[in-house]
Amino acid sequence: MQYSKMSVSDFIKESKDGNIDTKDFYSKFFEETENIQKKYNYFVTISKKDAEKEIDKLDRKTRLSGLPVSVKDNICTKGIKSTAGSKILKNYIPPFDATAISRGKQNGSIIIGKTVQDEFGFGTFSTYSAYGIPKNPIDTTRSCGGSSGGAGGFTKTINMPHIAIGESTGGSISCPAAFCGVVGLTPTYGRVSRYGLIDYANSLDKIGPISKTVKDSALMLSLIAGKDPLDQTSIQEDTYDFTKYTGKDIKGMKIGIPNEYFNNIDKDVEKKVRNAISQLEELGAKTLDITLPTTEYAIPAYYIIATVEASTNLAKYCGMRYGAQDEIKGHFTEYFSTTRGKYLGDEAKRRVILGTYARMAGYRDQYYLKALKVRTKIIEDFKKAFNKVDVLATPTMPMIAPKFSEIEKLTPVETYAMDILTVGPNLAGIPMISVPCGTSKEMPVGLHLLGNHKEEGKIIQIADAFERL
Amino acid sequence: MTERIEKVANIARLELTAEEKKNFEKDLDNILDSFKKLEKIDTTNTEPTFQPVEVKNIMRKDKIETSLKQKDALKNAKDIEEGYFKGPKAI
């Protein structure tokens, strides 16, 4: 059987019908993956041996029926090294699966490896990875985006059925999806359990799929979503079958166009996104200009809240129990400080310092508390908009994937500014999907659709209709 | 001129080289400067949002459930003695 260019749904159908020799399929899949790895560096770990064990136990009647799934390295996978892209977790082998992973396995997914990311998710270009930098599938002198860069790049490059599981805190699913030309679905905060996720910022982290098509992401979300007693913030609500929103028309749906999200955007990127919006109008959607006046405050609010939470989360990495452990000597403060200084990367240190500072006595009200109040205002802006429209449409990123030579020149403040279109929706915990909408200088451009809390269905419906054009 | 960074790094238990201290001092200045923008927005009567989607307190029955076995919990630790992991001297 010919596996290249086979869609996820064809794979599942053929596998259920017993038409796929799973061992033969996976031998080809791993051969292809190894070849891709040599050129692009999308994986921290390729877990071929573990996959072979799982294949032996596979129940073909399951929903995914043996589909290859890659997992971002900050999501715990039992028996497979999970480093979150950090040297401080260089040998960490989780003794348990994250809930999203165990749900995937119950549905017949086969974990094929752990994808490269910025350390703990701290980055926009995957250049802060401790395990090599993933290269853009279309132009290897450019970034895949971040922080789920390996997931985005591999999803685009692999010519066989596959879905990636990524994670977003401030845009880490949407950004690589846009830069690599694939689909990235960030669900509502709490839709997918965070149990087993190596935290960046607890009030912001969301696990979600990256895939070649909208339908594939909708399928994966349906399987991994749902209430989990192990995550108290997971949404107490029946889980939907999100695939039922695909294949529908979008006549009469209202799409808001937030003016602020088109300021300071690369002109050609703007053109491609506006063209896409016109195409949605031709499909019968109505558009409405919307204003989100708090947009300019999203970057500082996000970077304060995210780094404050990160600085407390990273306190557990102290060179004991797991991860990097040196010979124990000296007083505990000295040992912890030395270990952390030695194994945390540059951007991790920068964010720990920033977050620690912003919650220190004397600065807490000025920075942290202020940012949390601004977050309330940002959410109110979105809620007002969703009283008038079903979804919002914007560019995903303000530019195409930059070259590594350009990224090197950016200061931290300039790098953070690149997240202007994604941090607002992420602060609000609303669902979003990035779908390819053409190219600029041969590089992919992403259309970003934002929905109200728990309304993944609407963004999936519009993204799917657009994709079928 | 790196006293501020030294204080923060000490609280964060982070050993930094002289060069890192110098660079992070500059970065912190620039980043905090860019955060000044927040002073422009009035939040007098606004409550802070700690969680973007409201959740209620959830209780579970006070019943022992299966958890990670001690052996598995210690699998990643390098220094173990009699079922405990070892750390540096605290006092």
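The values are calculated or read from the model by the stated rules, or taken from the named source; none is laboratory data. Not measured: the values here are computed from a predicted model. Heads up, the Cβs are rebuilt from the backbone with ideal geometry, glycines too, and the neighbour counts pull from every protein chain shown.
Hey, among A:GLY323, A:GLY345, which residue is surrounded by 15 or more Cβ atoms within 10 Å (Cβ to Cβ) and over 26 Å from A:ILE304 (Cα atoms)? Walk me through how you get there before you give the answer.
On the way: A:GLY345 fails: over 26 Å from A:ILE304 (Cα atoms).
Unique residue meeting the criteria: A:GLY323.
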> B:ALA18 fails exactly one of the following numbered conditions: (1) at pLDDT 95 or above; (2) touching a Gly at 6+ places or on another chain (Cβ under 7 Å); (3) more than 8 Å from chain A (Cβ to nearest Cβ). What is the number of that condition?
Replying inline: (2)
>> Within the range A:422-438, take every residue that is farther than 20 Å from A:PRO209 by Cβ and out of contact with any Asp or Glu (no Cβ under 9 Å at 6 or more places or on another chain) and give me the one that is farthest from the other protein chains (Cβ to nearest Cβ).
In response: A:GLY438
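Per-residue answers, yes or no, for (1) under 29 Å from A:LYS342 (Cβ atoms); (2) of a type in the set (Val, Ile, Thr); (3) in contact with a helix residue (DSSP H, G or I) (Cβ under 6 Å, 6 or more places away or on another chain):
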{"site": "B:GLU19", "(1), (2), (3)": "yes, no, no"}
{"site": "B:THR49", "(1), (2), (3)": "no, yes, yes"}
{"site": "B:ASN57", "(1), (2), (3)": "no, no, no"}
{"site": "B:ARG60", "(1), (2), (3)": "no, no, no"}
{"site": "B:SER67", "(1), (2), (3)": "no, no, no"}
{"site": "B:ASN76", "(1), (2), (3)": "yes, no, no"}
>> Please go through (1) surrounded by fewer than 19 Cβ atoms within 10 Å (Cβ to Cβ); (2) touching a residue at least 60 places away in the same chain (Cβ under 8 Å); (3) on the phi > 0 side of the Ramachandran plot for A:GLY284 and return the number of the only condition it doesn't satisfy.
In response: (2)
> Which members of the range A:329-370 meet the condition of being more than 7 Å from chain B (Cβ to nearest Cβ), under 18 Å from A:TYR297 (Cα atoms) and hydrophobic (A, V, I, L, M, F, W, C)?
Replying inline: A:ALA358
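Is there a residue in the range A:240-249 that is surrounded by fewer than 16 Cβ atoms within 10 Å (Cβ to Cβ), farther than 24 Å from A:PHE179 by Cβ, touching a Gly at 6+ places or on another chain (Cβ under 7 Å) and more than 10 Å from chain B (Cβ to nearest Cβ)?
Step one: of the range A:240-249, the residues surrounded by fewer than 16 Cβ atoms within 10 Å (Cβ to Cβ) are A:241, A:244, A:247-249.
Narrowing the set further to residues that are farther than 24 Å from A:PHE179 by Cβ leaves A:241, A:244, A:247-249.
Cutting the leftovers down to touching a Gly at 6+ places or on another chain (Cβ under 7 Å) gives us A:249.
From the residues that got through so far, the ones that are more than 10 Å from chain B (Cβ to nearest Cβ) too are A:249.
Yes, the conditions are met somewhere in the range A:240-249.
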> Got at least one residue in the range B:26-34 being more than 7 Å from chain A (Cβ to nearest Cβ) and polar (S, T, N, Q)?
Replying inline: no
> Tell me, which residue of the range A:420-440 that is in contact with a helix residue (DSSP H, G or I) (Cβ under 6 Å, 6 or more places away or on another chain) and in a helix (DSSP H, G or I) is nearest to A:ALA348 (Cα to Cα)?
Replying inline: A:VAL423
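Only residues that are of a type outside the set (Ser, Thr, Tyr), within 13 Å of chain B (Cβ to nearest Cβ) and crowded, with 24+ Cβ neighbours inside 10 Å: list them for the range A:166-197, please.
Our first condition is that a residue be of a type outside the set (Ser, Thr, Tyr); within the range A:166-197, this holds for A:166-167, A:170-171, A:173, A:175-185, A:187, A:190-192, A:194, A:196-197.
Okay, now just the ones that are also within 13 Å of chain B (Cβ to nearest Cβ), so A:170, A:187, A:190-192, A:194, A:196.
A:GLY170, A:PRO187, A:GLY190, A:ARG191, A:VAL192, A:ARG194, listed by residue number.
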> Given the conditions (1) surrounded by fewer than 24 Cβ atoms within 10 Å (Cβ to Cβ); (2) not in a helix (DSSP H, G or I), and given that A:SER70 satisfies all but one, which numbered condition is not satisfied?
Replying inline: (1)
>> Give me the helices (runs of 4 or more DSSP H) completely within the range A:349-419, filtered to those with at least 2 residues that are under 30 Å from A:ILE138 (Cβ atoms) and of a type in the set (Val, Ile, Thr), ordered by residue number.
In response: A:412-417
>> Can you tell me which residue is surrounded by the fewest Cβ atoms within 10 Å (Cβ to Cβ) among those in the range B:38-91 that are within 7 Å of chain A (Cβ to nearest Cβ), part of a loop (DSSP other than H, G, I, E, B) and of a type in the set (Lys, Arg)?
In response: B:ARG60
